[in-house]
1. Is it true that some residue in region A:654-671 is over 19 Å from A:Glu99 (Cα atoms), open to solvent by 10 Å² or more (accessible area, probe 1.4 Å) and either touching a residue at least 24 places away in the same chain (Cβ under 8 Å) or not in a helix (DSSP H, G or I) (or both)?
2. Pull out all pairs, ordered by first then second residue, where Cβ-Cβ is under 7 Å, the residues are six or more apart or on different chains, the first lies in region A:116-127 and is in contact (Cβ under 8 Å) with a residue 60 or more places away in the chain, and the second is within 16 Å of RNA strand B (Cβ to nearest atom) and among the charged types (D, E, K, R).
3. Can you tell me how many residues in region A:2-45 are surrounded by fewer than 17 Cβ atoms within 10 Å (Cβ to Cβ), more than 9 Å from RNA strand B (Cβ to nearest atom) and within 33 Å of the chain's Cα centre (by Cα)?
4. Out of curiosity, is A:Lys562 within 24 Å of A:Glu99 (Cα to Cα), within 10 Å of RNA strand B (Cβ to nearest atom) and in contact with a His (Cβ under 6 Å, 6 or more places away or on another chain)?
5. Within region A:444-467, take every residue that is β-branched (Val, Ile, Thr) and open to solvent by 10 Å² or more (accessible area, probe 1.4 Å) and give me the one that is nearest to RNA strand B (Cβ to nearest atom).
6. Search region A:74-85 for residues being more than 15 Å from A:Lys33 (Cβ to Cβ) and surrounded by 20 or more Cβ atoms within 10 Å (Cβ to Cβ), and hand back the single one that is nearest to RNA strand B (Cβ to nearest atom).
7. Taking the conditions exactly as written (modelled with pLDDT of 95 or more, farther than 13 Å from A:Leu170 by Cα and touching a Leu at 6+ places or on another chain (Cβ under 7 Å)), does A:Ile336 satisfy them or not?
8. Of the residues that sit in region A:412-435 and are more than 22 Å from A:Leu367 (Cα to Cα) and part of a helix (DSSP H, G or I), which one is nearest to RNA strand B (Cβ to nearest atom)?
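The values are calculated or read from the model by the stated rules, or taken from the named source; none is laboratory data. Please read all numbers here as calculations on a predicted model, not as lab measurements. Glycine gets a Cβ as well: all are built from the backbone with ideal geometry, and neighbour counts include every protein chain shown. The protein model used for the area step is the full one, side chains on, heavy atoms only, and it has no ligands, DNA or RNA in it. Shrake-Rupley method; radii C 1.70, N 1.55, O 1.52, S 1.80 Å.
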Amino acid sequence: MIPAIDILEERISDVMADISGEPDSPAIVRLSKDPKFGDYQVNGVMALAKKTKAKPRELAEKIVEKIDISDICEAPEIAGPGFINLRLKPDYLAKTLLEINADKTNHLGINKTNKPKTIVVDFSGPNIAKQMHVGHLRSTIIGDCICRMLEFLGHDVKRQNHIGDWGTSLGKVILGLWHLRMASKHGEPPYYKTELSELQAYAGDKDRLKELCQRIRDRHEKDWQDDFVAAKGDAYKFFGPFLETLVHAPPLDLWEEITTLYQYVNLIETSVAGMGLTVSTRKKGDNAFQYFQIEYEFLSRHITTMLQDIDNPDNKQEKDAWNLIKKISLEHCNEIYKMLDIFFDGDKEIRGESFYRDMLPEVVAQLKKKGLAEESDGAICAHPDGFKNKEGERLPLIIQKTDGAYLYATTDLAAIRYRVGKLKADTIVYVTDARQALHFEMVFAVAKMAGWSKDADLKHVTFGSVLGEDGKPFKTRSGENIKLKELLEEAVGKARKVVNEKNPELSDDKKEEIANAVGIGAVKYADYSNNRTSDYIFSFEKMLAMDGNTAPYMQYAYARIKSIERKAQSKDVDIKTELAGINELNLTDPTELDLAKHLCRYGEAIEGAAADYKPNFLTSYLYELAQKFSAFYTNCPVLKADKAQRPTRLLLCDLTAKTIGHGLHELLGINVVEQM
RNA sequence: GCGCCCGUAGCUCAGUUGGAUAGAGCAACGGAUUUCUAAUCCGUAGGCCGCAGGUUCGAGUCCUGCCGGGCGUACCA
């Protein structure tokens with residue numbers, strides 16, 4: 001089944017081209033704004049009239065005479081300055097609904113594309129050094145929805161979770177683990193906890209801060225010396241063995257502890273900046289175990305360069321630590337993905353930065369060879385055309401740091417080569433927040449100049465920030481990121497409370513199922529229903545409201561239909577048989593016609609949402625559907641209807657439930673429930 | 001400084017290559033319930049689409065300037 005709007009667009013455009021001799025004469029068929037203008041309006045006549053210097057109304061008459069759309073619409077009407085208004089025939093609606101009913105493939109009569117493409121969707125991308133927080137929510141769920149829509153339309157979608165497992169933050173966590181081991185030598189409470197609060201407290205007091213940093217540095221140096229055996233390594237006595245135990249049996253609360261340790265390392269490095277404190281560390285290189293003093297604030301970055309030289313046996317401690325962090329972090333991510341009903345297929349789809357590690361030297365070498373990258377202030381930079389800084393000089397894209405480490409620009413470039421070359425991508429969609437727009441523009445430009453993107457379409461799908469009730473970035477009172485897990489648990493908890501109030505007689509299992517569907521659904525739906533590109537204010541109260549464009553309202557509409565179906569059984573109405581034998585409809589009530597028309601437009605809605613990667617087009621459609629259903633439900637009895645009307649109404653119910661269920665569950669990844 | 005995004009009803013937001021009288025929801029007010037789940041429906045009220053110019057038969061939408069807000073702008077992602 002082809003959506004009516006597409007058929008009309010094609011037929012009318014053809015006639016317009018024919019009459020005017022202009023091959024590019026789009027009809028621009030759109031939904032009418034006002035029911036008195038019919039169901040669809042043709043907007044393209046005036047533009048064509050201008051182009052060909054014709055009178056718009058006369059042109060419209062000529063077009064109306066020639067178009068043959070009588071199988072779909074009533075006689076077209078010309079109105080205003082040159083609009084053509086179209087009204088769908090009830091026969092067409094009936095035929096379409098019966099066609100949808102006859103489709104047993106869960107595709108609701110919607111065709112797959114005749115031009116399937118290979119589309120890589122890069123989304124979620126959490127950093128494995130940190131817990132998933134509210135900042136990861138949008139990329140994760142919007143990306144998932146885009147994948148679901150494109151898959152439904154018949155494209156070959158390749159999900160890619162470009163997790164951050166190769167950058168600077170890993171160095172910080174590895175250093176954090178080192179502190180974890182050292183702290184156990186110094187007794188309770190662990191020094192990193194007390195010092196973390198001290199560092200925060202002294203932030204404004206230069207002298208005390210300096211004294212504190214000196215103390216921290218001195219202990220650090222002593223611990224390092226104690227751990228070190230010149231010929232064997234700098235983590236020989238304690239840290240190395242500690243890691244080996246951890247890899248085999250990580251304690252349950254380790255992940256929580258890592259968050260604190262990360263903060264601790266981060267804060268030390270910002271605090272000691274410019275103080276001139278140095279500590280001992282191992283040199284990078286092929287000769288075993290040489291040592292030097294490094295500025296304290298650069299230590300974690302130095303550790304990152306060791307990690308990025310992972311196959312060097314000297315760097316076993318970094319490798320072990322990295323494997324450990326990766327393992328427990330992925331367990332944490334998968335727990336969140338499970339809550340959100342999002343699935344990644346192992347190494348095939350969870351392909352982090354480290355996946356490209358062997359390709360990074362080649363990326364840099366190739367760009368140098370092509371004359372696209374050069375050294376500048378010690379770093380290797382590419383300078384894509386068309387980007388200027390404040391002095392009007394060329395803006396650099398750093399692909400290798402002074403210390404030799406690679407960055408996200410490098411892995412992004414390697415990923416483009418892989419996705420175009422190996423995955424055969426026609427399109428690569430990047431779902432990340434709008435702040436990274438410049439980064440991706442530059443990466444895309446470099447990839448193009450290097451010839452790596454070939455004919456692939458590189459698309460940055462941006463989104464706005466999640467804000468708190470105060471309109472500022474959504475954080476805890478102490479300014480920390482809000483953990484996604486806690487946020488989702490809170491949503492489920494609030495939903496649970498409502499279910500308990502509204503429907504106390506349900507079984508505990510049912511209540512839990514509903515609380516999960518409603519709570520998680522509310523968070524996801526609220527995100528989807530806002531314009532992707534703008535910021536939005538996170539409010540449990542609004543997203544869990546039972547009125548308005550919310551998940552609970554949608555789920556309730558669905559549950560009501562299911563309730564009719566249950567009721568039917570007790571009244572000896574056999575819905576299956578009645579729907580199976582249906583071959584003509586009786587659409588008479590205005591709410592029936594309105595609902596019927598909307599049901600026929602589902603395909604249009606999905607196409608529109610997928611074309612612009614905008615889930616809110618889909619939620620708008622679904623919300624209108626639920627509203628139209630509710631109006632129908634109030635006006636038209638279903639089970640008590642007479643024999644002539646009941647099958648039609650049962651069909652409207654069935655198709656509405658299928659459409660809402662499909663939209664929510666298959667495309668938005670939100671669960672529906674039979675009872676609420 | 002430069003670049004990108006945003007400014008629409010009291011609040012939160014839609015608004016489809018420029019189309020007819022700018023739409024929802026919340027809140028407010030008025031009505032509907034011996035129900036197929038009222039977690040609902042129907043109605044009323046509410047607007048200089050930031051301001052000022054321009055292009056156009058037609059501008060919330062495109063262009064220019066200004067005001068206000070957010071973000072980015074070399075070794076984080």
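1. Within region A:654-671 (the criterion being over 19 Å from A:Glu99 (Cα atoms), open to solvent by 10 Å² or more (accessible area, probe 1.4 Å) and either touching a residue at least 24 places away in the same chain (Cβ under 8 Å) or not in a helix (DSSP H, G or I) (or both)), the answer is yes, since at least one residue qualifies.
2. none
3. Qualifying residue count for the region: 3.
4. Spelling it out, it is not the case that A:Lys562 is within 24 Å of A:Glu99 (Cα to Cα), within 10 Å of RNA strand B (Cβ to nearest atom) and in contact with a His (Cβ under 6 Å, 6 or more places away or on another chain).
5. Per the stated criteria, the residue is A:Thr462.
6. This residue is A:Gly82.
7. Against the criterion (modelled with pLDDT of 95 or more, farther than 13 Å from A:Leu170 by Cα and touching a Leu at 6+ places or on another chain (Cβ under 7 Å)), A:Ile336 qualifies.
8. Among residues in region A:412-435 that are more than 22 Å from A:Leu367 (Cα to Cα) and part of a helix (DSSP H, G or I), the one nearest to RNA strand B (Cβ to nearest atom) is A:Arg435.
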